[in-house]
Amino acid sequence: MAQQSPPSDEDLTPLVAEAGAEETPRERLTELSHHDAPEVRAAAAVNPRILTNVLTRLSKDEDKRVRASVAMNPVTSAEVIEELSFDEDWTVRAATASNPSTAAYSLGELIRDDDVRVRIEAAASLGLSRKDLERVSKDDDARVRSAAAANPGASEDALSRLSADSEWQIRAGVAGNPAVAMVLLRTLATDEDWRVRQAVASNRSTPSEVLAALALDGDEGVRAAAQRVSS
């Protein structure tokens, strides 16, 4: 007897769609969570209608894509999230950091992760404590500091310090932060890098007089951004 070939991506498409659909019954999601194809299990694992006990089982799946889907699911229990924050694969830990339901104490561990991609996700989390945001805003990697600079939970002191960072990405993060102080927006509106000024022009918290000045900026992209926000 000829060996049966594994299903192709096209064969799995309907099952993946069903597993991810909001209207799929919980009983059917449980069935799909046992499917041989990890793509189907992963789609079921990220569905917020799935039972929490099924998520607990899938959190120990051998496929990292399935575990990452569990880590992203907002209904995953705090205990499972904490376990996955120490997963051996960085994609799973990063997914945990991106989950809005992840507790502050788990995020506090994730900002210390060895992988910069995990720290970037954690630095951007709205659930990060003010103390941990202060810590991550001093990270050695500019990409992590940039994520912290754009976080609305960052303190005024942290944003003031980051607004003077030597890397334009960090200053742009501050400029686009909806919680940034007006005095910093006015200062960054005259930044030497057009990308920082464009971030100021795109920020809907920017005062009208600053937008008026940026609408006359020497850079076309800055002018366009200021005009869009003003209109």
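Arrange the peptides 145-154, 49-58 so that the one whose residues have, on average, the most other Cβ atoms within 10 Å appears first.
Numbers: 145-154: 23.1, 49-58: 17.1.
Highest to lowest by the protection proxy: 145-154, 49-58.
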A student applying the Cα gyration tensor rule (rounded when a/c is under 1.5; otherwise prolate if a/b is larger than b/c, oblate if not) would label region 102-142 oblate
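Counting other Cβ atoms within 10 Å of each Cβ, which GluC sites (Glu not before Pro) in region 43-137 have at most 10 and sit in a DSSP loop?
The qualifying sites are Glu62, Glu88.
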Under the helix-only model (-39500 (n - 2.57) for each DSSP H run of 4 or more, divided by the residues of the chain), the mean residue ellipticity at 222 nm, to 500 deg cm²/dmol, is -16000 deg cm²/dmol
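Once you order the gyration tensor axes a ≥ b ≥ c over the Cα atoms, which shape class does region 140-231 get: rounded for a/c under 1.5, otherwise prolate or oblate by comparing a/b with b/c?
Since a/c reaches 1.5 and a/b is larger than b/c, the shape of region 140-231 is classed as prolate.
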Taking alpha-carbon centroids only, region 139-181 lies from region 64-80 a number of Å equal to 29
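Name the trypsin sites (Lys or Arg not before Pro) in region 160-231 that are in a loop by DSSP and that have at most 15 other C-beta atoms within 10 Å, would you?
The qualifying sites are Arg204.
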Taking alpha-carbon centroids only, region 203-222 lies from region 36-51 a number of Å equal to 46
In whole Hz, the Karplus estimates of ³J(HN,Hα) for region 134-142 (6.51, -1.76, 1.60; θ = phi - 60°; x where Gly or Pro) are 4, 5, 6, 5, 10, 4, 5, 8, 4
Taking only the alpha carbons of region 88-192, the radius of gyration and the largest Cα-Cα distance, Dmax, both in angstrom, are 13.3, 45
Longest principal axis of the chain (C-alpha) makes with the long axis of helix 9-20 (C-alpha) an angle, in degrees to the nearest 10, of 70
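Averaging over every viewing direction, what projected area does the convex hull of the Cα atoms of region 1-143 cover, in nm²? Show your work: numbers first, answer last.
On the way: hull surface 40.1 nm².
The number I arrive at for region 1-143 is 10.0 nm².
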Between the Cα axis of helix 220-230 and the main Cα principal axis of the chain, the angle (0 to 90°, nearest 10) is 80
Scoring region 1-118 by relative contact order with C-alpha pairs under 8 Å, at least six apart, yields a percentage of 17
Answer in debye to the nearest 20: the dipole magnitude of the chain about its Cα centre, from +1 Lys/Arg and -1 Asp/Glu charges placed on Cβ, is 820
Candidates Val183, Val80, Val16; GNM for the chain (alpha-carbon contacts under 10 Å) flags as most fluctuating Val183
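Are there any trypsin sites (Lys or Arg not before Pro) in region 60-100 that are in a DSSP loop and have at most 16 other Cβ atoms within 10 Å? List them by number.
Numbers: sites: Lys60, Lys64, Arg65, Arg67, Arg93; in loops: Lys60.
Of the trypsin sites (Lys or Arg not before Pro), the ones in loops of region 60-100 whose Cβ has at most 16 other Cβ atoms within 10 Å are Lys60.
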Contact order relative to length for the chain, counting C-alpha pairs under 8 Å separated by 6 or more residues, stands in percent at 9
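Coordinate-derived values only; no laboratory data. Computed from a prediction, not measured in an experiment: that's the story for all the values here. Here the Cβ is made from the backbone with ideal geometry for all residues, glycine too, and neighbour counts use every protein chain on show.
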